[in-house]
Amino acid sequence: MKFGAIIFATDKSIQPIELAKEIEGRGLDSFFVPEHTHIPTDTSSPFFPDGKVPDMYLRTYDPFVVLGACAAVTEKINLGTGICLVSQRHPITLAKEVATIDRLSDGRFIFGIGAGWNQPEVENHGVPFAKRWAVTRERILAMKQIWTEEEPEFHGDYVNFDKMWSYPKPIQKGGPPIWIGSNSKYVPDRIAEYADGWIPIGGRPGGGTVEGVKEACSKRGRTYEDLTLAYFMAPLEEKMIRNHMEEGYSHFVFALPSEGRDQVLPVLDNIERIANSIRS
């Protein structure tokens, strides 16, 4: 079992470099940060009771800059995007960013991805909201080509480039593991086609299920046991964690408040306590 933490790292929260060291010092396994390139002023969200987007969504740091800095001050923990909005990034540039962070961290990067829930944010990047998952899929397939081939070439509906050179290549063979963050009924087939794991947000309704992932893997000739099931926003209750372990989850990522050191470290101590109890 692995245990980690995620925080909306902002200019008002604990410094992520300090937090990464605290996570590693407690013997935990991973540190994740999300991203929003920006939040349009006409944004409303179905995920919040009043529809208003919390301040921390407006103030997120760039995840690759944060994780690059954290790679320099840690040695063991995995560093991941939770999630990177692939629909909002150019695949050639993103492929280099991912490969760079994988090398700087000595192969400790986990590439958590998604397509985005915020329609005006996605469409500000020139991607029709209804096409965001199709665009994301093709960009991931193109990046895999860039990571694994000496002269990659890709021609699709949304990504097009002739033979080129792109270095560095990731340390992890084939590129870092790709974990999809989504709870929808479509996610099992997406995982089975082009990903290595699933990071559903705990408690959020959706049609995705563990059994659905198993069935999708069988249909596509994938080995389900090769995937990682990571539970995002995991409950701070040991009994519930043990229940989710029985469902097949093996990596639990707990949410930290986007606050200062005094508010964050007590929660981190609680995560450490749960992790140590389960491991013992």
Hey, any hits in the range 60-81 for a residue that's within 24 Å of residue 252 (Cα to Cα), charged (D, E, K, R), in contact with a Leu (Cβ under 7 Å, 6 or more places away or on another chain) and not in a helix (DSSP H, G or I)? no
With the first residue restricted to the range 62-85 and required to be without any contact (Cβ under 8 Å) to a residue 12 or more places away in the chain and closer than 14 Å to residue 104 by Cβ, and the second required to be hydroxyl-bearing (Ser, Thr, Tyr) and outside any helix (DSSP H, G or I), Cβ contacts under 9 Å at 6 or more apart or on different chains are none
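From the list 275, 234, 192, 230, exactly one residue is within 24 Å of residue 117 (Cβ to Cβ), over 16 Å from the mean Cα position of the chain (by Cα) and buried (at least 19 other Cβ atoms within 10 Å of the Cβ). Which is it? Quick ask: steps written out before the conclusion?
On the way: 275 fails: within 24 Å of residue 117 (Cβ to Cβ); 234 fails: over 16 Å from the mean Cα position of the chain (by Cα); 230 fails: over 16 Å from the mean Cα position of the chain (by Cα).
Among 275, 234, 192, 230, only 192 is within 24 Å of residue 117 (Cβ to Cβ), over 16 Å from the mean Cα position of the chain (by Cα) and buried (at least 19 other Cβ atoms within 10 Å of the Cβ).
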Any hit, the range 228-247, residues being of a type outside the set (A, V, I, L, M, F, W, C) and closer than 28 Å to residue 105 by Cα: yes
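Would you please name the residue that is nearest to residue 248 (Cα to Cα), looking only at residues in the range 195-227 that are basic (Lys, Arg) and surrounded by fewer than 18 Cβ atoms within 10 Å (Cβ to Cβ)? Step through it out loud before you land on a result.
Filtering the range 195-227 down to residues basic (Lys, Arg) leaves 204, 214, 219-220, 222.
Those left that are additionally surrounded by fewer than 18 Cβ atoms within 10 Å (Cβ to Cβ): 204, 214, 219-220.
Values: 204: 18, 214: 11, 219: 19, 220: 20 Å.
Ranking the qualifying residues of the range 195-227, first place goes to 214.
Here is a yes/no grid of residues against (1) under 18 Å from residue 63 (Cα atoms); (2) out of contact with any helix residue (DSSP H, G or I) (no Cβ under 6 Å at 6 or more places or on another chain); (3) in contact (Cβ under 8 Å) with a residue 60 or more places away in the chain; (4) not in a helix (DSSP H, G or I):
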| site | (1), (2), (3), (4) |
| --- | --- |
| 96 | yes, yes, yes, no |
| 121 | yes, yes, yes, no |
| 127 | no, no, no, yes |
| 134 | no, yes, no, no |
Considering only the range 171-280, give the helices (runs of 4 or more DSSP H) lying wholly within it that have at least 2 residues that are modelled with pLDDT under 95. none
Look through the range 125-171, keep the residues that are surrounded by 18 or more Cβ atoms within 10 Å (Cβ to Cβ) and of a type in the set (A, V, I, L, M), and return whichever of them is nearest to residue 186 (Cα to Cα). 135
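The values are calculated or read from the model by the stated rules, or taken from the named source; none is laboratory data. Quick caveat, the model's predicted, so the values are computed rather than measured. Neighbour counts are summed over all protein chains in view; Cβ atoms, including those assigned to glycine, are modelled from backbone coordinates with ideal geometry.
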